[in-house]
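Novice: Attaching a single structure in structure tokens format; questions to follow.
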Amino acid sequence: MNLYDIQIQDISGNEIDLSKFKGKKILFVNVASKCGFTPQYDGLQELYDVYKDKLMIIGVPCNQFGGQESGSLGEIESFCKLNYGVSFLITEKVEVKGENQHDLYKWLTKKEFNRIKNSSVKWNFQKYLIDENGEFINYYYSITKPMSKKILKHLA
């Protein structure tokens, strides 16, 4: 399974062609509106504003952690724009773990697909960084802020 072949829709129900981001790094983040880490939307937007020429951020709403993303897609979209001025890409709501895990998160969390390492999504705002060729770089737990040196060192 190639990352660029995975199908996922944006928050408006349009198919996202991940291959259009070839040549840029991609940071996938499972997001939620009612989480202690929700203020990270500010840092994600800052990261996107500074590096959007070489980085696409894709927020992936998920309601699997404490029911913290229970809103409709319209509510999520409004929340992100009104409260944080989000202009990066937000997808449909998906499951990032378990029996109904979306193919994107199968690829991100399973070494058999990403060829680098296994992981499990522990909470909202866990981050997965992919290089310009669709190759897995690393993942970062929720406590890693978007403007962290751990992430920025890959964007220099």
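The values are calculated or read from the model by the stated rules, or taken from the named source; none is laboratory data. Computed from a predicted structure; not experimentally measured. Methodologically, a virtual Cβ is constructed for each residue, glycine included, from the backbone with ideal geometry; neighbour enumeration extends over all protein chains shown. Quick note on the areas: whole protein, heavy atoms, side chains included, nothing else; ligands and nucleic acids left out. Shrake-Rupley method; radii C 1.70, N 1.55, O 1.52, S 1.80 Å.
Novice: What number comes out for accessible area per residue over the chain if the probe is 1.4 Å? Units Å², please.
Specialist: So the chain comes to 48 Å² accessible per residue, rounded to a whole number.
Novice: For the chain, just say rounded, prolate or oblate: build the C-alpha gyration tensor, square-root its eigenvalues into a ≥ b ≥ c, call rounded for a/c under 1.5, and beyond that prolate if a/b exceeds b/c, oblate if not.
Specialist: Rounded.
Novice: Here is a further query. Could you tell me what percent of the accessible area of the chain is made up of carbon and sulfur, with a 1.4 Å probe and every protein chain present?
Specialist: After summing per-atom areas, the C and S share lands at 46 percent.
Novice: Right, something else. Suppose R0 equals 30 Å. What FRET efficiency, 1/(1 + (r/R0)^6) with r the Cβ-Cβ distance, do Glu46 and Glu99 give to the nearest 0.05?
Specialist: About 0.25, to the nearest 0.05.
Novice: What is the dipole size for the chain, taken about its Cα centre, with +1 at each Lys and Arg Cβ and -1 at each Asp and Glu Cβ, in debye to the nearest 20?
Specialist: 740
Novice: Heavy atoms only, probe 1.4 angstrom, no DNA, RNA or ligands counted: give me Glu135, Glu99 ranked by accessible area, highest first.
Specialist: The most accessible residue leads, giving Glu99, Glu135.
Novice: Using R₀ = 25 Å, calculate the FRET efficiency as 1/(1 + (r/R₀)^6) where r is the Cβ-Cβ separation of Tyr141 and Lys34; round to 0.05.
Specialist: Plugging the Cβ-Cβ distance into 1/(1 + (r/R0)^6) gives 0.85.
Novice: Under the rule a/c < 1.5 gives rounded, and otherwise a/b versus b/c splits prolate from oblate, where does the range 46-128 land using the Cα gyration tensor?
Specialist: In terms of gyration-tensor shape, oblate.
Novice: Need one value: the accessible area of Ile11 in square angstrom, 1.4 angstrom probe, rounded to the nearest 10.
Specialist: Accessible surface of Ile11 is approximately 20 Å².
Novice: Please work out the FRET efficiency for the pair Lys22 and Ile116, using the Cβ-Cβ distance as r and a Förster radius of 25 Å; give the result to the nearest 0.05.
Specialist: The pair Lys22/Ile116 has a calculated efficiency of 0.85.
Novice: Please state the relative contact order of the chain as a whole percent: Cα pairs under 8 Å, 6+ residues apart?
Specialist: Result for the chain is 31 percent.
Novice: Moving to a separate point now. Which net charge results when you count Lys and Arg as +1 and Asp and Glu as -1 among the other residues whose beta-carbon is under 9 Å from that of Pro146?
Specialist: Result for the neighbourhood of Pro146: 0.
Novice: Between Asn133, Asn100, Asn63, find the one with the highest GNM mean-square fluctuation for the chain; connect C-alpha pairs within less than 10 Å.
Specialist: Asn100
Novice: While we're looking at this one, here's another question. Counting Lys +1, Arg +1, Asp -1, Glu -1, what net charge surrounds Lys127 among other residues with beta carbon under 12 Å of its beta carbon?
Specialist: Residues near Lys127 contribute +4 overall.
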